Amino acid sequence: MQHDTVIFDFGGVVTSSPFEAFNRLERARGLPKDFIRKVNALSPDDNAWARFERAEIDSAGFDAAFAEEAKALGHELRGEDVLGVLAGDIRPRMVHALDWLKRHGYHLGCITNNVPSGEGAGMERSSERAQAVSAVLARFDCVIESSKVGVRKPDPRIYQMMLAHFAKPATSCIYLDDLGINCKPAAELGMHAIKVEGEAQALDDLADALGIERGLF
């Protein structure tokens, strides 16, 4: 098989997009649509969010630093409020796809930009949800978390860590992410990158890349 390894982002791919939750929070607070993404787009390599995903600051530090960045853009919003809505809902079809891939001999990896907050890799706020996420993550052969390795996407080094774990060439890998900026380095390394716009689209594109019939997962 040309591609024998499938690497997933977690939030926005295996779970629903946090951007949807961000928009709900913005509506509730009377903030401009996509304001949170705008804050996170400023100085993307060294802003509060980037430093938190590399575990260079703790929750309290992020809470204050994000608030300062939001205030500089003219609005009041604490970092803790953003963390409260960060975790998405597990997508059942994605979990079914993981199980199908596992049964058919594919190697599975997960590269996630996350923060040292909440419970587990999914950054959940309840033990029950954290356990559900842990059960999904257990399906992967390797999970690389930015907050544990101190490197975050789109830094090519985090993708290379995954390749080193599997001892695989990039050309044998498919990579799925909901952010184009994170797909780009994967593609440049030689992976087949799929930008996830939605669950059905992603699974159809994955089936096409694997050369299998659509709808099998």
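Tabulated values for the structure
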| item | result |
| --- | --- |
| Conditions (1) at positive phi; (2) under 15 Å from the mean Cα position of the chain (by Cα); (3) modelled with pLDDT of 95 or more; number of the one not met by residue 142 | (1) |
| Residue list for the range 183-200, restricted to those being crowded, with 21+ Cβ neighbours inside 10 Å and farther than 22 Å from residue 217 by Cα | 183, 186 |
| Test result for residue 155, assigned by TED's automatic domain parsing to the domain that holds residue 100 and over 12 Å from residue 8 (Cβ atoms) | yes |
| Count of the range 9-41 residues which are closer than 24 Å to residue 130 by Cβ, acidic (Asp, Glu) and buried (at least 18 other Cβ atoms within 10 Å of the Cβ) | 1 |
| Enumeration of residues in the range 156-185 that are touching a helix residue (DSSP H, G or I) at 6+ places or on another chain (Cβ under 7 Å) and small (Gly, Ala, Ser) | 170 |
| Subset of the range 201-217 that is in a loop (DSSP other than H, G, I, E, B) and in contact (Cβ under 8 Å) with a residue 24 or more places away in the chain - its residue that is surrounded by the most Cβ atoms within 10 Å (Cβ to Cβ) | 217 |
| Output for the range 108-129, where each listed residue is at pLDDT 85 or above and touching a Gly at 6+ places or on another chain (Cβ under 7 Å) | 112 |
| Number of positions in the range 153-192 that are out of contact with any Phe, Trp or Tyr (no Cβ under 9 Å at 6 or more places or on another chain) and closer than 19 Å to residue 44 by Cα | 9 |
| Qualifying residue in the range 42-49 (condition: surrounded by 19 or more Cβ atoms within 10 Å (Cβ to Cβ), outside the structural domain of residue 145 (by TED's automatic domain parsing) and within 23 Å of residue 162 (Cβ to Cβ)) | yes |
| Whichever residue in the range 1-20 is of a type in the set (S, T, N, Q) and assigned to a loop (DSSP other than H, G, I, E, B) and, among such residues, is farthest from residue 153 (Cα to Cα) | 2 |
| Matching residues, the range 80-99, being small (Gly, Ala, Ser) and more than 14 Å from residue 21 (Cα to Cα) | 97 |
| Close pairs (8 angstrom Cβ cut-off, 6 or more residues apart or separate chains): in a helix (DSSP H, G or I) in the range 21-47, small (Gly, Ala, Ser) and surrounded by 15 or more Cβ atoms within 10 Å (Cβ to Cβ) anywhere | 21/88; 35/70; 39/70 |
| Residue count for the range 145-177, restricted to those that are charged (D, E, K, R), under 14 Å from the mean Cα position of the chain (by Cα) and within 20 Å of residue 101 (Cβ to Cβ) | 1 |
| Within the range 56-84, considering residues that are modelled with pLDDT of 95 or more and in a loop (DSSP other than H, G, I, E, B), the one farthest from residue 25 (Cα to Cα) | 56 |
| Condition broken by residue 180, with the remaining ones in (1) among the small types (Gly, Ala, Ser); (2) within 13 Å of the chain's Cα centre (by Cα); (3) crowded, with 16+ Cβ neighbours inside 10 Å satisfied | (3) |
| Out of 75, 107, sole residue that is more than 15 Å from the chain's Cα centre (by Cα) and under 29 Å from residue 167 (Cβ atoms) | 107 |
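The values are calculated or read from the model by the stated rules, or taken from the named source; none is laboratory data. The structure displayed is predicted, hence computed values, not measured ones. Cβ coordinates were reconstructed from backbone atoms using ideal geometry, including for glycine residues, and neighbour counts include every protein chain displayed.
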